[in-house]
Amino acid sequence: MSITRGLRLPTTRGDWRLMGRTVRLVLTLPVYAAVAVIAAAVSLTLFVVSLNVPLVLDLVVGGSLPLASRLRVLAELYPFIGTSFNLAQGILLFVVAVLTGVDIGLVTYHFREHGLDLQQGGAGVAGVIFGTLGAGCAACGSAVLLGLLSLLGVSTSLLFLPLDGLEFALLALVVLTLSIYWLAEGMRGGEINGCPVDF
């Protein structure tokens, strides 16, 4: 048995259409759309705050600035509002946050509607965990990975990655996409909101 037969990847147009249709059907349900939007907003906030923990603690949480100034400092940390991220980084971070929200919405739907346990729905949970760890902080991700790999004798050359740590956000993008695909594949043949999920 080959590895590709046991591990399905989205390689055909039908696979991508299945993903799109499943996501659309789940997110047309208001509860799961709200879960996805809230999860995306929370994940984006966690990603942004994780890059600036000392600043957030010193100025936003414990500072003596007026509330409006604190909120302005916090808002400036987000992509497309402040200057912390260039355009490519901002887009990548935003896309990973949206995919994290979609993945959490699908996982929530799958667990609630199909009565799955953690072992059966592990792909979605793993996607969310890897997405959060990989996208949350490109610099932190490379530092954490360097710390883990240094236990295995890998040198500090990992700090000289060609994309300055964005490799981890790209990896999160791949893992989240695979997670969404596997969740959609797991729902194939069923119905969502009265509509069949099949291609």
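Exposed (fewer than 14 other Cβ atoms within 10 Å of the Cβ) and part of a helix (DSSP H, G or I): which single residue out of GLY101, GLY20, GLY90 fits that description?
GLY20
Has region 2-16 got any residue that is touching a Ser or Thr at 6+ places or on another chain (Cβ under 7 Å), under 21 Å from GLY190 (Cα atoms) and either touching a residue at least 24 places away in the same chain (Cβ under 8 Å) or not hydroxyl-bearing (Ser, Thr, Tyr) (or both)? Even if it seems obvious, please write down each step before you answer.
First, the residues of region 2-16 that are touching a Ser or Thr at 6+ places or on another chain (Cβ under 7 Å): none.
No; the residues of region 2-16 include none that is touching a Ser or Thr at 6+ places or on another chain (Cβ under 7 Å), under 21 Å from GLY190 (Cα atoms) and either touching a residue at least 24 places away in the same chain (Cβ under 8 Å) or not hydroxyl-bearing (Ser, Thr, Tyr) (or both).
In region 60-81, how many residues are in a loop (DSSP other than H, G, I, E, B) and surrounded by fewer than 16 Cβ atoms within 10 Å (Cβ to Cβ)?
8
Take the residues of region 23-55 that are free of Cβ contacts under 8 Å to residues at least 24 places away in the same chain and of a type in the set (A, V, I, L, M): which is least open to solvent (accessible area, probe 1.4 Å)?
My answer is ALA34.
The values are calculated or read from the model by the stated rules, or taken from the named source; none is laboratory data. Here the structure is a predicted model, which is why all the values come from computation and not from measurement. So basically every Cβ, Gly included, is an ideal-geometry build from the backbone, and we count neighbours across all protein chains shown. What goes into the accessible areas is simple: the full protein's heavy atoms, side chains included, and nothing from ligands, DNA or RNA. Shrake-Rupley method; radii C 1.70, N 1.55, O 1.52, S 1.80 Å.
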